[in-house]
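The structure under discussion appears below in the form of C-alpha cells.
The values are calculated or read from the model by the stated rules, or taken from the named source; none is laboratory data. In this text the structure is predicted, and so the values were computed from the model without any measurement. Cβ placement follows ideal geometry from the backbone for every residue including glycine, while neighbour counts extend to all protein chains displayed.
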Amino acid sequence: MNPQILFNFSLALVTTGLILLFKGLFILGFTSLIISIGTAIVWLMSGFFEKFEYKSPKDTVEDNKDEEGKGVLKPF
C-alpha cells in the first residue's frame, strides 16, 4: 500500500481517537487509537522493508548515451 496513505490514515485516526476521548466516547476513542497505532507500525515497516529490497543492477544502470551516440560526461 502507498506509504502516504498509511501515514495520513494514521494521523486521521489519532486525531479522531483523541477527539472521541475528550467527548467521552471512550470505547470508540481507544479503538481508533489502537487502529492508528497498528497503521503506524505497518507504515514504519513498509518504509524499512523498501530499503532492504534487492534491486538488480540491470534495472538501475541506465544507458548513458545522448541522441548522437556519444557518452555523457560525468563530473566524477
Tell me which residues, restricted to region 21-36, are touching a helix residue (DSSP H, G or I) at 6+ places or on another chain (Cβ under 8 Å) and under 14 Å from PHE9 (Cβ atoms).
SER32, LEU33, ILE35, SER36
Output yes when any residue across region 18-36 is at pLDDT 90 or above, within 16 Å of the chain's Cα centre (by Cα), surrounded by fewer than 16 Cβ atoms within 10 Å (Cβ to Cβ) and assigned to a helix (DSSP H, G or I), and no when none is.
no
